[in-house]
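Q: Have a look at this one before I ask anything.
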Amino acid sequence: MSATSSPAISLKVEFGGGLELLFSNERSHTVTIPARAPSPAGADTDVHPPGGGGRPADIAFLIAWLRANLLQERAELFEENGTVRPGILVLVNDTDWELEGEGEYVLKDGDEIVFISTLHGG
Amino acid sequence: MSATSSPAISLKVEFGGGLELLFSNERSHTVTIPARAPSPAGADTDVHPPGGGGRPADIAFLIAWLRANLLQERAELFEENGTVRPGILVLVNDTDWELEGEGEYVLKDGDEIVFISTLHGG
Amino acid sequence: MALVCQASTNCMRNKISWAEVTIKTGQLKLQQASVAVVGAGGLGCPALQYLAAAGVGRIGIIDHDVVEISNLQRQVLHTEARVGMHKVLSAAKAIEQINSRIRVEPVTSALTASNAQTLLADYDIILDCTDNLPTRYLLSDTAVQLNRPLVSGAAQQFDGQLCIYNLGPGQGPCFRCLFPKPPAPEMAGSCEELGILGAVTGVIGTLQAMEAIKLITGLHDGRPTLLMYSALSALPFRNIKLRARRPTCPSCGTEDEKVGKIGETDYVAFCGGQRPDW
Amino acid sequence: MALVCQASTNCMRNKISWAEVTIKTGQLKLQQASVAVVGAGGLGCPALQYLAAAGVGRIGIIDHDVVEISNLQRQVLHTEARVGMHKVLSAAKAIEQINSRIRVEPVTSALTASNAQTLLADYDIILDCTDNLPTRYLLSDTAVQLNRPLVSGAAQQFDGQLCIYNLGPGQGPCFRCLFPKPPAPEMAGSCEELGILGAVTGVIGTLQAMEAIKLITGLHDGRPTLLMYSALSALPFRNIKLRARRPTCPSCGTEDEKVGKIGETDYVAFCGGQRPDW
Ligand SMILES: [Zn+2]
Ligand SMILES: [Zn+2]
């Protein structure tokens, strides 16, 4: 649709279990991120070449992008060593990201990504 | 995918609120129905011509197809005058079918259609 | 009393102030609210429990049954010692033990077409916790006439349904809009025949209290939905987006578009002749 | 007693026989089962209520707290008259009133790393109805050691989570597999600070009883999932498909692949130093 120079993908991103406090206290965000990550991480063999170099946008890139563009404070409570802080569970379209390749999952337009911490009250 | 003579679409069909009793007491069915209804009902201007005449398969056709192919007994408790018996609510991908055009909703491959009656216990 | 929120410093105070404000004003609204619960059985018991715990100021309970020993497997406000007592009196006693400041108004009459409006007119919200279809249609028609939201729960075997009918006067559908005819009696079965797992009525009844609390405190988003619960399904909860009210509905439709009349309806006959055993 | 199913003729008998058989054998299994409920607060009260109503034969309750007046806004088994009594004794009394045939085993000690295995070894299923993270990690490790499924509920403000950890010995993840580290203390907040809507604990606690009943009666499908509940969301329930256990998990991992040790863990220190006010 938006065909020319900088292809982008649109995602629904949700935060829960207190993580929303770091993101303007909003649980639900719709974000548009570049379809390709600027700096390639691992394999450079492009599956989808348009838009220049880099690797297709994956969850690792989304985490970096959220940290740089959406996070309001206390980055260390969200990101650690290029991934989420241990204790944050990531869900891809209602599936545990571990079943989907974790940070290497390649994002598709319309994907819904949820970041949650455990709740503890009772 | 299955490209040649008789294109078909695959649907997930669920029954609830007692209606499953009419369908082998199974709530969840995966059915493959023709992509085009054999006898056209209203407008004949085809949007998707392959596969010959008729109209694209809609929910009205699905109801007739279920009655002929999946229903095990007591057809009058499911179908009445070419639509569902009043008191049966039809859901298209988790939306009330009234918001989707009722019987005229054109089915897409992978759609999930649910037929339920009201529950009454408490 | 519904929500406790005390001052403290070890978290991001500014970020939770919204929740705090909501909670404080919510407590006042709950104290000033009135809710009628029709049916003090499997659904009514948990609904009453959480309405009372939340501090709803005035609660009406309508049910003409008495407590039987077989009820105790899902009607958790009643006790072995209160078998034989009217359910509404047993429930009133249980509520008083939880929160003695609640004003409980028990009614031991059966709800009928001739007393429904009078009995329900004085409440802000009506909960349908009944176990039979004629009363469900009667309650829906009455809620429309009185312009009240009807928080309706239903359960059978391992399944439940939850819906607010007549939501936002004139916007959401009534029970008749969705289900203009009751299911065929052959398929409806009775509670006795089919059995109901107590925890299913527990889930739905508690959610009914939740919906009432959301309506009272202004936290409901106003969109009509139907929640379907199937305890054994791989996807136990489904949330269905519902139509608006049907202009041709004989109950809630637009005055000159209504098709059919319900004024003189005999609710029992409408639901299949002889009163069935539900 | 969990499900009533009487003989009758006015419906499609052959079609519901499966449900009937399931129900009858289920009742026996429930009578023979034992469940330990850790925490007799917001989650434990509804869980205990529906386990007792379902006829679970033996129920252990572990909690060292006493009933306070502020508990009554969500801890629905306790009463104004029992303020000051140990919660487990108050809950035992309530259960006895509902179903005097249940064998209730109340424990007024706090659960600690040194007594957890002894206190829990004698039960088929463990319910985590606690309100703090150190106990949640301790319960998960203990359930792994004892080879028991842990039906875990949690709630905060308007949200809840439900998961069976250590499901199907060695298949589903434990709490540590999913959440290897607790959330930062700055974000966790306390129940007192954040408030919990009582009906949220009601929904989650009742669903914990439901999951236990499904496990006992063989109706659970064995797939590990996490149910997320958000009372105010347009999509209030989400069902998440979970990973299998993590071979490198220090608790439930494969013997020679485990990374890290938990044997000598000080649970409180692990969750943020000084014991916080949750
Ligand atoms: Zn209507
Ligand atoms: Zn583990």
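Q: Can you say what percent of the DSSP beta bridges in segment C:62-201, counting only those with both residues inside, are antiparallel? Round to 5.
A: 60
Q: Take every DSSP beta bridge whose two residues both sit in segment B:8-117, then give the antiparallel share in percent to the nearest 5. List each step's numbers first, then the result.
A: Working: 18 of 23 bridges.
If we restrict to bridges inside segment B:8-117, about 80 percent are antiparallel.
Q: List the lysines whose alpha-carbon lies under 24 Å from that of D:Lys261, not counting same-chain residues fewer than 8 positions away?
A: Qualifying lysines at Cα under 24 Å: D:Lys181.
Q: When the convex hull of the C-alpha atoms of segment C:18-143 is computed, what volume per residue in Å³ does it have?
A: On the way: hull volume 13.6 nm³, N = 126.
Value for segment C:18-143: 108 Å³ per residue.
Q: Tell me which C residue has its C-beta closest to the axis rotating C onto D, and the distance in Å?
A: Here the nearest residue and distance are C:Phe237, 2.
Q: Moving on. How shielded is C:46-55 by partner chains, expressed as the average number of their Cβ atoms within 10 Å of its Cβ atoms?
A: Taking all residues of C:46-55 together, the mean is 6.
Q: Moving on. Label-point separation (nm) for A:Ala75 and D:Thr112, each offset 7 Å from Cα along Cα-to-Cβ?
A: Result: 4.4 nm between the two label points.
Q: Something else about it: Measuring nothing but label to label, 7 Å from Cα along Cα→Cβ, what are C:Leu232's distances to the other copies in nm, shortest first?
A: Nearest first, the other copies' label points are 3.8 nm away.
Q: For peptide C:206-215, how many partner chain Cβ atoms fall within 10 Å of a residue's Cβ, on average? Intermediate values should be presented prior to the final figure.
A: Working: counts 12, 8, 1, 5, 11, 2, 1, 4, 5, 0.
Other-chain Cβ atoms within 10 Å of each residue's Cβ, averaged: 5.
Q: Just to confirm the numbers: D:Asn115, label point 7 angstrom along the Cα-Cβ line, distances to the other copies in nm, shortest first?
A: 5.3
Q: Quick one: of A:Lys12/D:Lys241; C:Lys93/D:Lys24; B:Lys12/C:Lys241; D:Lys29/D:Lys93; A:Lys108/B:Lys12, which pairs are farther than 26 Å apart, Cα to Cα? Each step should come with its number before you reach the end.
A: Numbers: A:Lys12/D:Lys241 18 Å; C:Lys93/D:Lys24 33 Å; B:Lys12/C:Lys241 18 Å; D:Lys29/D:Lys93 24 Å; A:Lys108/B:Lys12 24 Å.
Pairs exceeding 26 Å: C:Lys93/D:Lys24.
Q: Tell me, what is the per residue accessible area of segment B:8-117 in Å², probe radius 1.4 Å?
A: That works out to 43 Å² for each residue.
Q: Additional query: Between chain A and chain B, with a rotation axis joining them, whose C-beta in A is nearest that axis, and what is the whole-Å distance?
A: Nearest-to-axis residue on chain A, with distance in whole Å, is A:Asp94, 7.
Q: Collect residues whose amide H, placed 1.01 Å from N in the peptide plane, falls under 5 Å from the amide H of C:Glu105; neighbours closer than 5 in sequence don't count.
A: Excluding prolines and chain starts, which carry no amide H, the hits are C:Ile59, C:Gly60, C:Ile61.
Q: Hey, another quick one. Please list, in chain and number order, the residues 5+ apart from A:Ile9 or on another chain whose amide H is under 5 Å from its amide H, with Hs placed from the backbone.
A: It is A:Ile33, A:Ala35, by chain and number.
Q: While we're on this one: Net charge within 13 Å of B:Glu80 by Cβ-Cβ distance, Lys/Arg positive one each and Asp/Glu negative one each, not counting B:Glu80 itself?
A: Working: positive: B:Arg67, B:Arg74, B:Arg85, C:Lys181; negative: B:Glu76, B:Glu79.
Net local charge, B:Glu80 excluded: +2.
Q: List the distances, in nm to one decimal, from the label point of A:Asn81 to the label points of the same position in every other copy, shortest first, placing each label point 7 Å from Cα along the Cα-to-Cβ direction.
A: Reported distances to equivalent positions: 6.9 nm.
Q: Among residues other than D:Gln171 whose Cβ falls under 15 Å from its Cβ, what is the net charge (Lys/Arg +1, Asp/Glu -1)? Walk me through the numbers before you get to the answer.
A: Details: positive: D:Arg148, D:Arg223, D:Lys241, D:Arg243, D:Arg245, D:Arg246; negative: A:Asp96, A:Glu98, D:Asp221.
In short, +3.
Q: Another one. Let me confirm one metric for peptide B:16-23, namely the mean number of other chain beta-carbon atoms within 10 Å of its residues' beta-carbons. All intermediate terms of the calculation are to be shown ahead of the outcome.
A: On the way: counts 7, 9, 14, 3, 2, 8, 4, 0.
Counting Cβ atoms of other protein chains within 10 Å of each residue's Cβ and averaging gives 6.
Q: Rounded to the nearest 0.05, what FRET efficiency do B:Ser6 and B:Thr83 give with R0 = 30 Å and r taken as the Cβ-Cβ distance? Could you check? Walk me through the intermediate numbers first.
A: Working: r = 26 Å, r/R0 = 0.85.
E between B:Ser6 and B:Thr83, to the nearest 0.05, is 0.70.
Q: Within 10 Å, Cβ to Cβ, of D:Ala91, how many net charges do the neighbouring residues add up to if Lys/Arg are +1 and Asp/Glu are -1?
A: Numbers: positive: D:Arg82, D:Lys87, D:Lys93; negative: D:Asp63, D:Glu96.
Computed value for this residue: +1.
Q: Keeping the other protein chains in place, figure out the carbon and sulfur percent of the accessible area of segment C:93-182, with a 1.4 Å probe.
A: Working: 1310 of 2900 Å².
In segment C:93-182, the share of accessible area belonging to carbon and sulfur is 45 percent.
Q: Whole-Hz ³J(HN,Hα) for each residue in segment B:65-80, computed from phi via Karplus 6.51 cos²θ - 1.76 cosθ + 1.60 with θ = phi - 60°, x for glycine and proline: what do you get?
A: Running phi through 6.51 cos²θ - 1.76 cosθ + 1.60 with θ = phi - 60° gives 5, 5, 4, 7, 10, 10, 5, 9, 6, 6, 3, 5, 7, 10, 10, 8 Hz.
Q: Still on this structure: What distance in nm lies between label points placed 7 Å from Cα along the C-beta direction at C:Thr254 and C:Ala269?
A: Distance between label points: 3.2 nm.
Q: Using only the Cα atoms of segment B:8-117, build the gyration tensor, take square roots of its eigenvalues as a ≥ b ≥ c, and label the shape rounded, prolate or oblate: rounded if a/c is under 1.5, else prolate if a/b is larger than b/c, else oblate. Mind showing how you got there, number by number?
A: On the way: a/c = 1.67, a/b = 1.63, b/c = 1.02.
Prolate shape, in that a/c is at least 1.5 and a/b is the bigger ratio.
The values are calculated or read from the model by the stated rules, or taken from the named source; none is laboratory data. The shown structure was predicted, so the numbers you read here are calculated from the model rather than taken from an experiment. Using ideal geometry, Cβ is built from the backbone for each residue, glycine included, and neighbour counts are taken over all protein chains shown. Please note that ligands, DNA and RNA were not included when accessible areas were found on the heavy atoms of the full protein model with its side chains. Shrake-Rupley method; radii C 1.70, N 1.55, O 1.52, S 1.80 Å.
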